[in-house]
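Visitor: Here you go, one structure.
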Amino acid sequence: MGANVFAIDPASTELLRLILRVGPEQSAAQWMEQHGVERAQAYADVEAFVKHLQKQKIIQREGSINSPTEFIKAVTARVCIPAALHTVHLLAKDLRRKSWGLLLVAKWAVTQFGMALAVRRWTHFYSQPDVSEQHQDLEMLNVIDAAVRETTSRHFLNAQCKERGLTCLALCRHMGFPAELVIGMTFAPLEGHVWVESAGRILSDDPEHCQPYEPVARYG
């Protein structure tokens, strides 16, 4: 999510999925059996593949932080983003004021920490509600959607789909509606888009605008 694009062929994609599922050691053994590669060569290939993806910052071991700067950024995000979100809910009493404040925090968080880290802290603060406690008044989702769109159109910041999506996600989960943040891509031309899904409907954007984008990640 750092504005980089990295393409791999189908065989490499299969290997990457295998590594993410069972780990480098077991994937090398399975790769050897499936493709008839010698044991030493299979382990060397997998090790080189993993190191290359780590160098490109495509993958990293869970919890690993490679530099003091990244560590400081992660700690700062862990403290500052929840504090900012808590302040919004403390000061804003109605839906539109909450939308205004959340758009502001979302813009700041994405700009300051990057999309990936902002989403991680955002979804930690707004955990997924229990489905059994879901509200029956689904019309409230339309109210949230309309409030976020209207507030975005009048906001002094140039809020885009990322900020609208994070704001809709926050309000939905805060009000008890299970919701997912979806990241979609088109490949000709290469473009990304973000929206929210809840109760089988798309929020923060028009469904026809999201249709061309293939979902590649879901946070929910």
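The values are calculated or read from the model by the stated rules, or taken from the named source; none is laboratory data. Bear in mind that the values here come from a model prediction, so they are computed numbers and not experimental data. Virtual Cβ from ideal backbone geometry, glycine too; neighbours counted across all protein chains shown.
Visitor: Between a residue in the range 185-196 that is of a type in the set (Gly, Ala, Ser) and any residue that is assigned to a strand (DSSP E or B), which pairs come within a Cβ distance under 9 Å, given they are 6 or more apart or on different chains?
Guide: Gly192/Ile183; Gly192/Gly184; Gly192/Met185; Gly192/Thr186; Gly192/Val216
Visitor: For Ala11, state whether it is more than 19 Å from the chain's Cα centre (by Cα) and surrounded by fewer than 18 Cβ atoms within 10 Å (Cβ to Cβ).
Guide: For Ala11, the condition - more than 19 Å from the chain's Cα centre (by Cα) and surrounded by fewer than 18 Cβ atoms within 10 Å (Cβ to Cβ) - is met.
Visitor: Right, another one. Only one of (1) among the basic types (Lys, Arg); (2) under 21 Å from the mean Cα position of the chain (by Cα); (3) surrounded by 13 or more Cβ atoms within 10 Å (Cβ to Cβ) is not met by Arg61, so which one is it?
Guide: With (1) among the basic types (Lys, Arg); (2) under 21 Å from the mean Cα position of the chain (by Cα); (3) surrounded by 13 or more Cβ atoms within 10 Å (Cβ to Cβ) applied to Arg61, the lone miss is (3).
Visitor: Within the range 71-105, track down each residue that is crowded, with 16+ Cβ neighbours inside 10 Å, within 18 Å of Leu169 (Cα to Cα), without any contact (Cβ under 8 Å) to a residue 40 or more places away in the chain and of a type in the set (A, V, I, L, M, F, W, C).
Guide: Ala84, Val88, Val105
Visitor: Another question, then. Kindly list, by first and then second residue, each pair from a residue in the range 164-183 that is closer than 17 Å to Ala84 by Cβ to a residue that is among the basic types (Lys, Arg) and in a helix (DSSP H, G or I), limited to pairs with Cβ atoms under 7 Å and residues at least 6 apart or on different chains.
Guide: Listed by first residue and then by second, the contacts come to Leu171/Lys98.
Visitor: Out of all the residues in the range 181-194, which are at pLDDT 95 or above and either closer than 16 Å to Tyr126 by Cα or over 12 Å from the mean Cα position of the chain (by Cα) (or both)?
Guide: Leu181, Val182
Visitor: Of the numbered conditions (1) farther than 16 Å from His209 by Cα; (2) in contact with a strand residue (DSSP E or B) (Cβ under 6 Å, 6 or more places away or on another chain); (3) not β-branched (Val, Ile, Thr), Glu197 satisfies every one except a single condition; which is it?
Guide: The one condition Glu197 does not meet is (1).
Visitor: Can I ask one more? For the range 135-150, indicate whether the set of residues that are surrounded by fewer than 16 Cβ atoms within 10 Å (Cβ to Cβ), within 16 Å of the chain's Cα centre (by Cα) and either in a helix (DSSP H, G or I) or at pLDDT below 95 (or both) is non-empty.
Guide: no
Visitor: Now a separate question. Which count do you get for residues in the range 151-180 that are more than 21 Å from Val131 (Cβ to Cβ) and over 16 Å from the mean Cα position of the chain (by Cα)?
Guide: Looking only at that region, the number is 9.
Visitor: Looking at (1) modelled with pLDDT under 90; (2) β-branched (Val, Ile, Thr); (3) more than 30 Å from Val110 (Cβ to Cβ), which one does Val5 not meet, given that it meets all the others?
Guide: All conditions are met except number (3).
Visitor: Examine the range 38-57 for a residue that is more than 30 Å from Ala146 (Cα to Cα), in contact with a Leu (Cβ under 9 Å, 6 or more places away or on another chain) and either of a type in the set (D, E, K, R) or surrounded by fewer than 15 Cβ atoms within 10 Å (Cβ to Cβ) (or both), and state whether such a residue exists.
Guide: Yes, the range 38-57 contains at least one residue that is more than 30 Å from Ala146 (Cα to Cα), in contact with a Leu (Cβ under 9 Å, 6 or more places away or on another chain) and either of a type in the set (D, E, K, R) or surrounded by fewer than 15 Cβ atoms within 10 Å (Cβ to Cβ) (or both).
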